[in-house]
Amino acid sequence: MLRILFATDFHGAEVCFRKLFNLAPRAKADVIVIGGDLCGKGLVPLVERNGSFSGQFLGTPFDVPAGEQTEEIEKRIRFNGFYPYRCSPEEIERLRSEPEHLAAAMDGALVSTVERWMSLADEKLADTGAICVSIPGNDDELVIDAALDASTRVQNCDGRLLDFGEFQMVGFGASNPTPWNSPREFPEEEIERRLDAAVDGVDPDRPLLANIHVPPYRSTLDDAPLVDEQLRPVIKGGNPVAGPVGSHAVRSFIERYQPLVSLHGHIHESRSASRIGGTLAINPGSDYSSGTLQAVIVSIDLRKRKVKGHQFISG
Amino acid sequence: MSTFEEASRDATTGAGDGSFFARQATGLVREGKAYDAFIYNVMWSGGALTLAFMYLLVPTLYPAANLPITVLIAATLGIGGAFLYALLTTLMPRTGGDYVFVSRTIHPFLGFAANFSYVFWNMVVVGVYATFMSTYGAGALLRMLVGYGASDSLLSTADWFASDWGIFITGVVMTLVAAATFILGGTQFFFRLQQGTFVLYIIGAFLLVVLVGLFTSHASFLGSFNEYAQNLGTSNGAANVAEGAKKAGYSDTGYTAHDTIKAVSVAWFIFGFIYSSNYFAGEIKTGRRTQFYAIPGAVVAVVLLLLITIPSFQHMAGRDFINQLGTADPATYGFAAGAPAYPEIAAIGSGSPILGFIIILGFLGGIVAWLPMTMMLASRCFLAWSFDKVMPEKLSEVDERTHSPIIAVLIVALLYILSIAAYAFTDWFTTLTVLFPETLTLLVVALAGAILPYRRRELYESSARARRVLGLPLLTVVGILAFVGFLIAEIILLTDPGSGTSITENPRIVLISLGIFFGVGPLIYFGSRAWRRSQGIDLDLAYAEIPPE
């Protein structure tokens, strides 16, 4: 029996990443799979003046002395998936006026965080036989790829087919176009081409598992709240209007190659499991901003090539 | 290279005074519009039905109640709960509402037991809606046509709607229509229908009643009433009402504090339901302010609607006359199928069959829309239970085309029919029976809110609402206030013989309520836990508090 523990879309929330690796032994996971979107969504400056740090977070201004209180604020910022950034009043002006400087500061925060996470994963996996596989997601800047590849225990399977003997795993991190123009987006035709290329050489006699960030189109894993041109959620009758936003190419890939299990993320609100032919497609969703890890455990009988069951976790 | 925008103040990330720099990334939506969520909550709370209860139950149970003050007392007891639910929904916006709040804060068994009880009694209350839909909606509509001069032959059909089989068949038909709405049309279709109904509901059930009440004198109303009763076959209707009430032992005693407080049992109906919007409105993070406009805002709006409607309605119909209508035998004044509810009384006062039609239709529309709303609520709770493996996976299957949990909807429909049968053919439950058990759930949610900042410290401290009042976390203070309000309401329900859950008059129902909450719910939870364990599934993992360190 193979037990897979899958979680996705941490968006910089270190607490969720840590929880995943703490859950793994309790879940008796043989394989830990991370579904991308590791990067946080913004930089929160802490401006230093006369030995204290000031700024604003979650709508509340703060002005605290350096030391424990500042570290506490930084912890809260990280908890919510943002990056604290200590700087001087002059640097704030540079961040505002020089886009290149801001981009470099952000990239630095992203890379150092992913590096720290990979070190943490290496450390947690050191005395275990567990396999760990990850992909970047559409929200992840390209600069983090080197940090992902540098891990000794976490294998990056973006656009690749990894062979683990008893089973094979294909990964893909980019998404179809979104209203946000995120860093890794491709047209459907390109996704189809790249997925097909990734599984070139797949052994049809051994089970194939998929770790594809974007869910298949119209699968119940891809119901996202629709947004208007101002990126406000469209609400009718008090309810967010949702619609399928998954990828047609991913659906087509699953229909044609029928992996035993297909793991997805991307749409945080669409926590669901659904059958597409013989494939069990699962999106455990994400609630990173509350520090809650949403994950799924999938039990597979590799000999019979059958999924025995799955269980959503939220904690 | 990362791309950025300097975030505006209303970015839902919460940060943003110009000193926050957002990456161009998926999902950074802006504040959602509170307006629609607010509208939804106003409709969901059943304000018109509560008003109907008041004028049907108050004359016999609490004839000396000062209803505007009763409404204000109930609102005071319930407003803390509105802020509590708004805070909790902002902190944990998830399908399953209170099930998630309680199971993740106190214990999964209590979360399930509280939510199971709430859903169970929501199923039961459907019978009340079916009764009112049939008797005071469809039946009243036809009787009004006769009252305004249509053929007498319609009267027997109108009266049929108030019969046991009339209530049952109407309820079943509407249940099937509600289920078909989801199964064939999907949730978005239902929401569009609901929006359309809302306008009719507010205009018919409230605004027209206020206008008719304000511009109709009592004398003119009595004239219209006599004419209406005449068309139903009884002359001197108003005099017969007075005579019948006298025979039934009614006499006007003015207002008393005792009856005013006891009548909170009726007004509390709003607060048994108005918070339930968290099941619907909370599925995405629509922003930091949305839920605060939507839930407490809806409480204020519904209370205002009642406070405007009650005096103007009483100005027209007269408090004494309304009490007489409720206590006299309806057959003595020509209303053989039963006393009229407030929409029909307002329709009579309007002197116009067209206005009357809109008033009753607005009232009916509000009740009809409530059925699928409750269906959605229950099916979403089923989904949450199923996700946690407490219930079979089949319950969480969602149709790809309609986004509807079809199996869950069908099960709810079946349970609806059983409840409608119970109300139509038995006297197991009274109109207000469900309020005591539903408030039990509210009490547990208040407790969960009060202790959440301590049990889920990181979650709370990292939220935008992590403020302190009098040295305590804001959520703890709000949770305590809500708990006190709910507890007082619960005491009123337990001591009021009219509530249907009086500890002295209805001890069996109270015990059943407690048994379902503390017996059946935990039994299902622990039974499911053992069953899952035999399958190699550790149910506790679903709720595990995973340490980050």
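Numbers below:
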read-out: Folded to 0 to 90 degrees: helix A:68-79 orientation relative to chain A principal axis, Cα; value: 30 degrees
read-out: Whole-Å distance, taken between Cα centres, linking the stretch A:95-170 and the stretch B:163-234; value: 60 Å
read-out: Inter-chain Cβ neighbour average for residues A:80-92, partner chain, 10 Å; value: 2
read-out: D (Stokes-Einstein, µm²/s), Kirkwood Cα radius, chain B, 1.002 mPa s at 20 °C; value: 88 µm²/s
read-out: Tensor-based shape of the stretch A:43-105 (alpha-carbon gyration tensor, a/c under 1.5 rounded, otherwise prolate or oblate); value: oblate
read-out: Longest site-free stretch - chain A; sites: GluC sites (Glu not before Pro), DSSP loop, at most 13 other Cβ within 10 Å; value: A:1-165
read-out: Where trypsin sites (Lys or Arg not before Pro) in DSSP loops with at most 15 other Cβ within 10 Å are excluded, longest remaining stretch of chain B; value: B:10-400
read-out: Cβ charges +1 (Lys, Arg) and -1 (Asp, Glu), total dipole of chain A, debye; value: 1480 debye
read-out: Sorted by Cβ density within 10 Å, fewest first, the residues A:His213, B:His258; value: B:His258, A:His213
read-out: B:Val484/B:Val300 FRET efficiency (R0 25 Å; Cβ-Cβ; nearest 0.05); value: 0.80
read-out: Peptide A:52-60 - average C-beta neighbours from other chains (10 Å radius); value: 6
read-out: About the Cα centre, charge dipole magnitude for the stretch A:121-241 (Lys/Arg +1, Asp/Glu -1 at Cβ), debye; value: 360 debye
read-out: Computed Kirkwood radius, in angstrom, where 1/r is averaged over Cα pairs of the protein assembly as shown; value: 28.9 Å
read-out: Residue mean of other protein chain beta carbons inside 10 Å, A:35-46; value: 5
read-out: FRET efficiency estimate (nearest 0.05) - Cβ-Cβ, B:Ile354 to B:Asp329, R0 25 angstrom; value: 0.20
read-out: Helix B:108-132 axis, angle to chain B major axis (alpha carbon atoms, nearest 10°); value: 20 degrees
read-out: Total charge dipole magnitude, the protein assembly as shown, about the Cα centre, Cβ charges on Lys, Arg, Asp, Glu only, Debye to nearest 20; value: 1540 debye
read-out: Per-residue Cβ neighbour rank within 10 angstrom, fewest leading, A:His310, B:His107, B:His315; value: B:His107, B:His315, A:His310
read-out: Shape metrics for the stretch A:22-152, restricted to C-alpha atoms - Rg then Dmax, Å; value: 17.3, 51
read-out: Rounded tilt (10° steps) of B:218-232 against the dominant C-alpha axis of chain B; value: 80 degrees
read-out: Cross-link table A:Lys41/A:Lys75; A:Lys124/B:Lys389; A:Lys19/A:Lys124; A:Lys28/A:Lys308, entries beyond 19 Å C-alpha to C-alpha; value: A:Lys124/B:Lys389
read-out: Chain A: equivalent-ellipsoid semi-axes (sqrt of 5 x gyration tensor eigenvalues, Cα, Å); value: 35, 22, 18
read-out: Inter-part distance where the stretch A:244-261 and the stretch B:448-515 are each reduced to a Cα centre, Å; value: 47 Å
read-out: Top of A:Arg218, A:Arg160, A:Arg193 by mean-square fluctuation, Gaussian network on chain A, Cα under 10 Å; value: A:Arg193
read-out: B:Asp152 paired with B:Arg457, simple spin-label distance in nm, labels 7 Å along Cα-to-beta-carbon; value: 7.9 nm
read-out: Unit charges at the beta carbon, dipole of the stretch A:43-105: most positive-side option, A:Pro45, A:Phe79, A:Ala103; value: A:Phe79
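We did not get these values from a lab; they are worked out from the coordinates using the rules stated. This structure is a prediction, so every number in the text was calculated from the model and none was measured. So basically every Cβ, Gly included, is an ideal-geometry build from the backbone, and we count neighbours across all protein chains shown.
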